[in-house]
Amino acid sequence: MRAVNFSLEANSSLDRVYPHRDNPVATTASINIARVGVHYRTQEALRDVNCIVNLGRLTGIFGPNGAGKSTLMKAMLGLVPLSSGNVLYQGKPLMQQLEKVAYVPQRSQIDWTYPATVWDVVMMGRVKKTGWLRSFSGVSRQVAKNALERVGMIEYRDRPIGQLSGGQQQRVFLARALAQQAEIFCFDEPLVGIDQKTQSVIFEVFHELAADNKIVLVVNHDLGESITHFDDLILLNRELIATGSRQQVLTEQNLYSAYSGKVMYYSDAA
């Protein structure tokens, strides 16, 4: 494996890069993102994005700052309104099936001063299956316990969430997602501000979920070694630059189109 540094000069004749023709065809089990556009008032955040997210694959959304990575994930889940297009899962709008989705937002969007313990946070992942104002069953408590054990946080179950390190907090929210027993797992920048141990745990869990035929979608900005963990990539810069396998997407031309100049990424080529 080696680090590769592309230093590219502007080239006005550079052809527009489109999605690879050999990408997998969408099925009813895939998430089908069709002609999605998003505006924030008069500013266009996303334009005509078309791609699919397949089950059994770890898929990353990549691109430069301001590329619309988080916006795409939020638009898929109905957290920001679509100005055009639709997002389907099993032939129906995904935003009408959110009980099938586990979503972990960016850490900066979470109120870490909220007086909740680690156990409280993970049990929140059982609310959809239990119902509001109903007592949690023994099964739900066992599911939460197993999730905390899986991420190595069971010994912190009574600790206030705000007293944990960034990596520990991220593992707790990963446990909450696992406790939801969802079909689709969406994570927005889960690798920011975490330690190497937490990153290893996160990717182990991601790969286990993919192996269990779940849909695992991750917003990430790092083109370093962590990119080698992903099976498929969606490369954005307000519009779709390329989508497909990691090998199909990480080409010099695609990276130029996304980043418009010098970019370094970690290659796992021999």
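Among the numbered conditions (1) touching a Ser or Thr at 6+ places or on another chain (Cβ under 7 Å); (2) part of a strand (DSSP E or B); (3) modelled with pLDDT of 95 or more; (4) not β-branched (Val, Ile, Thr), tell me where Tyr266 comes up short.
Every condition holds for Tyr266 apart from (3).
Going by the conditions given, is Asp195 of a type in the set (Asp, Glu), surrounded by fewer than 22 Cβ atoms within 10 Å (Cβ to Cβ), touching a residue at least 24 places away in the same chain (Cβ under 8 Å) and farther than 27 Å from Asp222 by Cβ?
No, not satisfied.
Select, from Gly125, Gly85, the only residue that is in a helix (DSSP H, G or I) and small (Gly, Ala, Ser).
Checking each option against the conditions leaves just Gly125.
Quick one: which strands (runs of 3 or more DSSP E) sit completely within region 211-259 and have at least 3 residues that are more than 13 Å from the chain's Cα centre (by Cα)?
Filter on region 211-259 gives 240-245.
Restricting attention to region 157-170, does a residue exist that is part of a helix (DSSP H, G or I), under 12 Å from Val205 (Cβ atoms) and under 22 Å from the mean Cα position of the chain (by Cα)?
Taking every residue of region 157-170 in turn, at least one turns out to be part of a helix (DSSP H, G or I), under 12 Å from Val205 (Cβ atoms) and under 22 Å from the mean Cα position of the chain (by Cα).
Here is a list: Phe203, Phe187. Which entry is within 19 Å of Cys51 (Cα to Cα) and aromatic (Phe, Trp, Tyr)?
So the residue among Phe203, Phe187 that is within 19 Å of Cys51 (Cα to Cα) and aromatic (Phe, Trp, Tyr) is Phe187.
Return the pairs, sorted by first residue and then second, in which the second residue is modelled with pLDDT of 95 or more and acidic (Asp, Glu), the first residue lies in region 55-79 and is outside any helix (DSSP H, G or I), the beta carbons are less than 7 Å apart, and the residues are 6+ apart or on different chains.
Arg57/Asp231; Arg57/Asp232; Leu58/Asp231; Thr59/Asp231; Thr59/Asp232
Find the residue count for region 1-50, including only residues that are in a strand (DSSP E or B), modelled with pLDDT of 50 or more and on the phi < 0 side of the Ramachandran plot.
Residues in region 1-50 being in a strand (DSSP E or B), modelled with pLDDT of 50 or more and on the phi < 0 side of the Ramachandran plot: 16 in total.
Just to be sure I understand the filter: pairs with C-beta atoms under 8 Å, separated by 6 or more residues or on different chains, first member in region 109-128 and on the phi < 0 side of the Ramachandran plot, second member part of a loop (DSSP other than H, G, I, E, B) and exposed (fewer than 14 other Cβ atoms within 10 Å of the Cβ). Which pairs pass?
From residues that are on the phi < 0 side of the Ramachandran plot, the pairs are Thr117/Asp158; Val118/Asp158; Trp119/Asp158.
The values are calculated or read from the model by the stated rules, or taken from the named source; none is laboratory data. Values in this document were obtained by computation on a predicted structure and should not be read as measured data. When we count neighbours, we look across all protein chains shown, and the Cβ atoms used for this are built from the backbone with ideal geometry, even at glycine.
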